[in-house]
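The values are calculated or read from the model by the stated rules, or taken from the named source; none is laboratory data. Fair warning: this is a prediction, and the values are worked out from it, not measured in the lab. Glycine also receives a Cβ, built like all others from the backbone with ideal geometry; neighbour counts cover every protein chain displayed.
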Amino acid sequence: MPNPSGNDSPSRSGTLLLRFNNSRNALGFVFMLPAAIFLLGFLTYPLGLGVWLGFTDTRIGRAGDFVGLQNYAYLMDDDVFWLSVFNTVVYTFVASILKFALGLWLALILNEKLPFKSFFRAIVLLPWVVPTVLSALAFWWIYDAQFSILSWSLMKLGLIEQPINFLGDPINARASVIAANVWRGIPFVAISLLAGLQTIPVSLQEAASLDGATPWKRFRYVTLPMLTPIIAVVMTFSVLFTFTDFQLIYVLTKGGPVNATHLMATLSFQRGIPGGQLGEGAAIAVAMIPFLLASILFSFFGLQRRKWQQGGTD
Amino acid sequence: MKINRRDLLAASASLAGAAGLGLTGSQPAFAQEPAYTPEAGASLRLLRWAPFVQGDEDAWLANTKKFTDATGVQVRVDKESWEDIRPKAAVTANVGSGPDMVFCWFDDAHQYPDKLVDLTDLGTYLDGKYGGFYDGLKGYAKRGDKYIALPLAAIGNAVCYRQSRIEAAGFKEFPKDTAGFLDLCKAMKAQGTPAGFAHGKAVGDGNNYVHWLLWSHGGKMVDEAGVVAINSPETIAAINYAKALYETFIPGTESWQDINNNRAFLAGQISLTANGVSLYYAAKKDEKLKDMVADLRATNFPIGPVGMGVELYQTTQAVVFNHTKYPNACKAYLKFMYEAEQMNAWITGSSAYCCQPLKAFASNPVWTADPIHAPYAKASETLRPNGYAGPLGYASAAVMADYVLVDMFAAAVTGSATPEEAVAQAEKRANRYYKV
């Protein structure tokens with residue numbers, strides 16, 4: 001029926017609202033908008049700015065000029081940069097493997113029927129819960145050149161005669177910071193894998209047992225394949241966290257001795273902020289991206305091979 | 001009677017100036033007194049380094065309260081660990097937001113001079129009124145003819161040692177030259193009471209030590225024109241001397257950061273190191289260390305082949321950022337804090353940790369209140385700037401921030417590089433900043 005007043009706007013706006021409410025595309029767009037703004041503002045823009053800065057000679061307090069690949073060309077010829085790349089790869093590789101092995105082992109133990117199971121699971125999380133800076137400070141004391149509790153204990157036991165030079169010797173320093181990172185990272189791996197273990201149906205394990213599978217064969221042919229998707233995700237995150245680690249190194253050694261523990265992240269900070277070379281610092285940070293992408297691709301395409309999960313050989 | 005803002009501005013400088021003149025006993029001709037009227041509704045935020053001596057903070061805050069009481073301008077004083085000031089000030093400069101004023105370190109102000117409020121009128125006035133800023137400090141604060149910062153203090157650094165232990169090592173008094181110093185350190189190691197100086201990435205102690213090593217042997221990072229000159233026979237001599245000294249240290253100094261030598265000294269693990277006067281006060285606070293306090297002595301670093309005392313001291317400057325909405329309030333605040341009454345109270349409260357920026361305050365009684373203070377008293381007068389012998393600027397700041405010299409000595413003394421390799425590496429890194 002026509003509107004006698006001739007004013008049809010309320011019904012038109014009502015129709016628009018109705019159409020909007022019924023439109024899956026429009027609603028989807030609106031619901032995604034906050035996340036999209038967040039991603040653009042806090043991820044895409046800083047990343048883009050970082051990449052751009054890497055191509056400039058920007059310094060603190062001074063807008064830079066475009067210098068092309070000059071920063072990267074300098075880094076290619078910079079021994080300290082390559083040492084930091086080496087340190088980062090070793091740190092990430094060794095720490096990730098140790099975290100995986102020990103985390104999986106811990107998860108398997110926690111998945112067994114243990115007394116006070118919930119209590120132990122809560123305890124295991126503690127290193128992850130403690131702020132990194134605090135645990136780093138604790139390790140700083142543990143590794144102190146003069147007051148290390150480890151050195152003191154070993155000296156009291158008569159096993160060594162003088163304190164271990166944990167952070168002063170390049171090899172010891174690398175091992176020490178890796179140990180601190182492993183201690184801190186194990187809970188994340190262990191609890192995540194424990195969650196994965198609990199999704200494996202007990203009936204599969206029982207069926208394998210009835211077929212005469214040994215505990216090792218049950219682990220190898222039932223548990224591990226079923227756990228692989230979780231392992232892929234957990235290890236991807238673990239590798240990313242380790243590769244980009246900053247706080248532990250900054251507190252324990254600041255990259256010393258003689259840059260033996262400088263990671264790309266700490267070198268990027270040192271050159272970019274206190275050193276004022278924002279362009280070069282950004283270039284070092286951007287140089288981390290290929291390594292990060294490679295590790296992500298390895299995790300996703302290397303560990304999520306479905307045939308292997310299903311007992312095939314790929 | 002309540003003092004209003006106008007009264008304060010008119011009277012504070014003259015009253016305080018009179019106090020200053022009383023100290024110096026001279027009648028300097030000083031530049032015309034600038035008057036700063038704080039903007040209506042002004043409130044300020046100052047970021048400073050966390051104090052090492054509590055009296056420093058107490059005195060600064062008490063002076064600040066006096067300023068607020070007199071002007072109504074609220075001043076929030078935030079503090080951060082001293083190592084975090086440099087990056088925070090840098091970010092503040094870059095993003096144009098944050099505190100109105102910062103107490104920055106060394107040549108920070110030269111990294112972002114365009115972001116700072118010109119303080120020439122205030123600097124010139126204070127320079128004229130209080131006997132002049134010390135040249136070394138002035139260099140950190142001036143760019144050309146402009147004050148881009150106000151020199152605030154030099155943080156004195158001195159060799160701290162146990163008298164009984166150097167005597168036990170066969171030395172009645174502390175050696176005056178580097179050769180004697182090496183002999184002392186060897187003797188101290190032989191008797192199990194070694195020395196220890198930071199070779200790790202210790203921003204303060206590490207840089208102070210290695211700059212003395214280099215300069216005392218005649219080496220320098222750059223020449224007067226800012227051309228990198230580290231690769232020299234003098235540098236090699238300094239490194240060889242450092243290697244010999246390092247052999248006498250307690251093990252582990254390669255990993256030492258700024259706090260480690262304090263801990264080791266207070267625990268009796270080392271008997272000789274270099275530090276600010278805070279080490280003495282830390283010992284004094286501990287009842288159990290009474291004997292150590294009585295035995296503790298401080299002196300300046302020994303003189304090397306160069307024939308004169310040459311030391312790097314940390315310097316701190318007050319800067320006002322362009323982004324402040326209240327530049328006049330900032331200047332009024334700084335002017336108030338630098339006037340004699342407040343400055344003397346602050347220097348006294350700092351217990352010899354902060355050495356005065358202006359010559360008129362050299363007669364502050366704090367310097368004679370305790371014999372330990374004596375070697376710290378001349379820090380502002382004798383300091384050599386870190387960019388020596390070239391101009392201060394972003395390159396000199398970056399070379400120090402990137403630990404170029406610290407790494408050079410650490411690499412050589414630990415044997416991870418030969419002296420020649422270590423120097424070549426340092427030269428390459430320095431050239432990057434000085435843009436060859």
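Restricting attention to the stretch B:396-423, the residues being more than 9 Å from every other protein chain (Cβ to nearest Cβ) and farther than 15 Å from B:L214 by Cα number 4. Among the candidates A:L252, A:L278, the residue that is at the interface with chain B (Cβ under 9 Å from one of its Cβ atoms) and touching a Phe, Trp or Tyr at 6+ places or on another chain (Cβ under 8 Å) is uniquely A:L252.
Applying the set (1) touching an Asp or Glu at 6+ places or on another chain (Cβ under 9 Å); (2) surrounded by 24 or more Cβ atoms within 10 Å (Cβ to Cβ); (3) away from chain A (no Cβ under 14 Å) to B:A298 leaves exactly one unmet item: (1). Among all residues of the stretch B:406-419, there is none that is surrounded by fewer than 24 Cβ atoms within 10 Å (Cβ to Cβ) and under 29 Å from B:A89 (Cβ atoms).
For the stretch A:282-303, filtered to residues that are of a type in the set (G, A, S) and modelled with pLDDT under 95, the residue that is nearest to A:F66 (Cα to Cα) is A:A294. Here is the figure for the stretch A:224-249: residues that are free of Cβ contacts under 8 Å to residues at least 60 places away in the same chain and within 13 Å of chain B (Cβ to nearest Cβ) total 1. Within the stretch A:256-275, the set of residues being at the interface with chain B (Cβ under 10 Å from one of its Cβ atoms) and either among the hydrophobic types (A, V, I, L, M, F, W, C) or without any contact (Cβ under 8 Å) to a residue 24 or more places away in the chain (or both) comprises A:V258, A:A260, A:L267, A:F269, A:Q270, A:R271, A:G272, A:I273, A:P274, A:G275.
Looking at A:L193, A:L240, A:L224, just one residue is crowded, with 24+ Cβ neighbours inside 10 Å, of a type outside the set (F, W, Y) and assigned to a helix (DSSP H, G or I), and that residue is A:L193.
Residue count for the stretch B:247-267, restricted to those that are among the hydroxyl-bearing types (S, T, Y) and either facing chain A (nearest Cβ under 10 Å) or closer than 15 Å to B:H211 by Cα (or both): 2. Just one of the numbered conditions (1) within 23 Å of the chain's Cα centre (by Cα); (2) crowded, with 22+ Cβ neighbours inside 10 Å is not true of B:A332: (1).
Yes or no, residue by residue, for (1) closer than 24 Å to B:W105 by Cα; (2) acidic (D, E):
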{"site": "B:L245", "(1), (2)": "no, no"}
{"site": "B:F265", "(1), (2)": "no, no"}
{"site": "B:S271", "(1), (2)": "no, no"}
{"site": "B:D295", "(1), (2)": "no, yes"}
{"site": "B:N300", "(1), (2)": "yes, no"}
{"site": "B:P327", "(1), (2)": "yes, no"}
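In summary, B:A282 fulfils each of the numbered conditions (1) surrounded by 20 or more Cβ atoms within 10 Å (Cβ to Cβ); (2) within 22 Å of the chain's Cα centre (by Cα); (3) modelled with pLDDT under 95; (4) assigned to a helix (DSSP H, G or I) with the single exception of condition (1). Just one of the listed residues (B:P34, B:P38) is in contact with a Leu (Cβ under 8 Å, 6 or more places away or on another chain) and within 27 Å of B:T124 (Cβ to Cβ), and it is B:P34.
Within the stretch B:72-99, residues that are under 19 Å from A:I273 (Cβ atoms) have Cβ atoms under 8 Å from residues that are polar (S, T, N, Q) in these pairs: B:A90/B:Q111; B:A93/B:Q111; B:G96/B:N322; B:G98/B:T92; B:P99/B:T92, counting only partners at least 6 apart in sequence or on another chain. Determine, yes or no, whether A:A179 is in a loop (DSSP other than H, G, I, E, B) and either touching a His at 6+ places or on another chain (Cβ under 6 Å) or crowded, with 17+ Cβ neighbours inside 10 Å (or both). No: the conditions fail for A:A179. Figure legend. Inter-residue proximity from the stretch B:388-413: first residues within 13 Å of A:P274 (Cβ to Cβ), second residues crowded, with 24+ Cβ neighbours inside 10 Å and of a type in the set (A, V, I, L, M, F, W, C), beta-carbon distance below 6 Å, spacing 6+ or different chains. Indicated pairs: B:V399/B:A430; B:V404/B:A426; B:V404/B:A430; B:V406/B:V210.
Among the residues examined, A:K99 qualifies as of a type in the set (D, E, K, R), touching a Ser or Thr at 6+ places or on another chain (Cβ under 8 Å) and over 30 Å from A:W52 (Cα atoms). Residues that are closer than 29 Å to A:T199 by Cα and at pLDDT 90 or above number at least 2 in the following helices (runs of 4 or more DSSP H) confined to the stretch A:41-159: A:79-110. Can you pull out the residues in the stretch A:156-174 that are among the aliphatic types (A, V, I, L, M) and within 13 Å of chain B (Cβ to nearest Cβ)? Those that are among the aliphatic types (A, V, I, L, M) and within 13 Å of chain B (Cβ to nearest Cβ): A:I160, A:I164, A:L167, A:I171, A:A173.
Scanning the stretch B:69-118 for residues that are more than 12 Å from every other protein chain (Cβ to nearest Cβ), in contact with a helix residue (DSSP H, G or I) (Cβ under 7 Å, 6 or more places away or on another chain), over 16 Å from B:H323 (Cα atoms) and of a type in the set (D, E, K, R) returns a single hit, B:E80. Looking at B:Y433, B:Y388, B:Y353, B:Y376, just one residue is aromatic (F, W, Y), out of contact with any Gly (no Cβ under 7 Å at 6 or more places or on another chain) and more than 12 Å from every other protein chain (Cβ to nearest Cβ), and that residue is B:Y388.
Residues that are part of a loop (DSSP other than H, G, I, E, B) and either of a type in the set (D, E, K, R) or out of contact with any Phe, Trp or Tyr (no Cβ under 7 Å at 6 or more places or on another chain) (or both) within the stretch B:198-220 comprise B:K201, B:V203, B:G204, B:G218, B:G219, B:K220, listed in sequence order. The numbered conditions (1) closer than 24 Å to B:T64 by Cβ; (2) buried (at least 24 other Cβ atoms within 10 Å of the Cβ); (3) not polar (S, T, N, Q) are all true for B:V117 except (2).
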